[in-house]
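The values are calculated or read from the model by the stated rules, or taken from the named source; none is laboratory data. This one's a predicted model, so the numbers in the text were calculated from it and none came from an experiment. With ideal geometry, Cβ positions are generated from the backbone for all residues, glycine too; neighbour counts draw on all protein chains shown.
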Ligand code: SF4
């Protein structure tokens, strides 16, 4: 069976070429041709027939676009994978450029109560190439360059660790898509051992952690993973990541009306992270098929004000794609739906 070229990091491609008694430096030429020049087959490189024959071990497997929605500042693709499963990917047209939010699994087993994506049981992990394929599909369908990537779509990235680590390496390769390392963010619900492992491999990207509550009781109610990895362990792991990589970790906090959005919650959150170098990203809830509601703008502003008054660095995330069901926690990958 042929391997998918998009699954390969430069190092893995070099390894393959060396095993084939070919010069490993061809790996960078291949990345440049496929990702930058848009070559569609290995015959376009001007390599000898011998080399082309060896490269026929690979296919260039792209997901099939089944639905395309464009709502101005956000757009969404529903993609069909080679085994018939679906995944969704979102383009956000931001001030700094085009940012793509990718999915890492078909479904998700983490069961966060506010998340529509989490209502779909995990079917399987996506390969690195299937995650790369989402960027390639966005770039092709919307004729755009990719300036930033959020690994925040359907799935828990650290439940698919090696594929996500390879994906980060592939897309930040200078000779390939060359997405700036500063503009790639991996977001986890807080799988502590994997946060530490991610710090060890020094994947040169940013880390965001979904916190969503200022205490364990509330967080365990919203996010079952908290029963395994409570808040203190998650924050300690995040600090470890900061120290190892020299990058400040973002804590994501979805504001749910009447659940975690009071002044008392804001004060408790400020206390929780006092003395730690985190940055809070507030996300007003995007309503979907759950019992949760979005708070008013006043409540969101007030929450942010209380954090700032207590010395916390906090911002409100600009909302993208809610009308396309493309916002955080709204992705579902259901072909018949939407
Ligand atoms: S928020 Fe993320 S980790 Fe939680 S259920 Fe949704 S996709 Fe999974």
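Structural remarks
- Filtered residues of the stretch 55-69 (kept if under 19 Å from residue 7 (Cβ atoms) and touching a helix residue (DSSP H, G or I) at 6+ places or on another chain (Cβ under 8 Å)): 55, 56, 57, 58, 59, 60, 61, 62, 63
- Members of the stretch 210-227 that are surrounded by fewer than 18 Cβ atoms within 10 Å (Cβ to Cβ), touching a residue at least 12 places away in the same chain (Cβ under 8 Å) and more than 17 Å from residue 307 (Cα to Cα): 216, 221, 224
- In the stretch 35-64, the residues that are at positive phi never reach a residue that is at pLDDT 95 or above with C-beta atoms less than 7 angstrom apart, at least six apart or across chains.
- Within the stretch 99-116, considering residues that are more than 14 Å from residue 189 (Cα to Cα) and over 13 Å from the mean Cα position of the chain (by Cα), the one surrounded by the fewest Cβ atoms within 10 Å (Cβ to Cβ): 107
- Exclusive hit being more than 11 Å from the ligand (Cβ to nearest atom), outside any helix (DSSP H, G or I) and more than 19 Å from the chain's Cα centre (by Cα), set 68, 54: 68
- Of all residues making up the stretch 243-260, the number that are part of a helix (DSSP H, G or I) and either touching a strand residue (DSSP E or B) at 6+ places or on another chain (Cβ under 8 Å) or buried (at least 17 other Cβ atoms within 10 Å of the Cβ) (or both): 1
- Count - residues of the stretch 92-129 that are more than 21 Å from residue 174 (Cβ to Cβ) and more than 16 Å from the ligand (Cβ to nearest atom): 5
- When we screen 187, 169, 143 for residues that are over 18 Å from residue 109 (Cα atoms) and either within 14 Å of the ligand (Cβ to nearest atom) or assigned to a helix (DSSP H, G or I) (or both), the only hit is 169.
- The single residue among 289, 301 that is assigned by TED's automatic domain parsing to the domain that holds residue 241, surrounded by fewer than 16 Cβ atoms within 10 Å (Cβ to Cβ), under 25 Å from residue 86 (Cβ atoms) and at pLDDT 75 or above turns out to be 289.
- So residue 174, is it within 14 Å of the ligand (Cβ to nearest atom), more than 30 Å from residue 271 (Cβ to Cβ) and not assigned by TED's automatic domain parsing to the domain that holds residue 37: no
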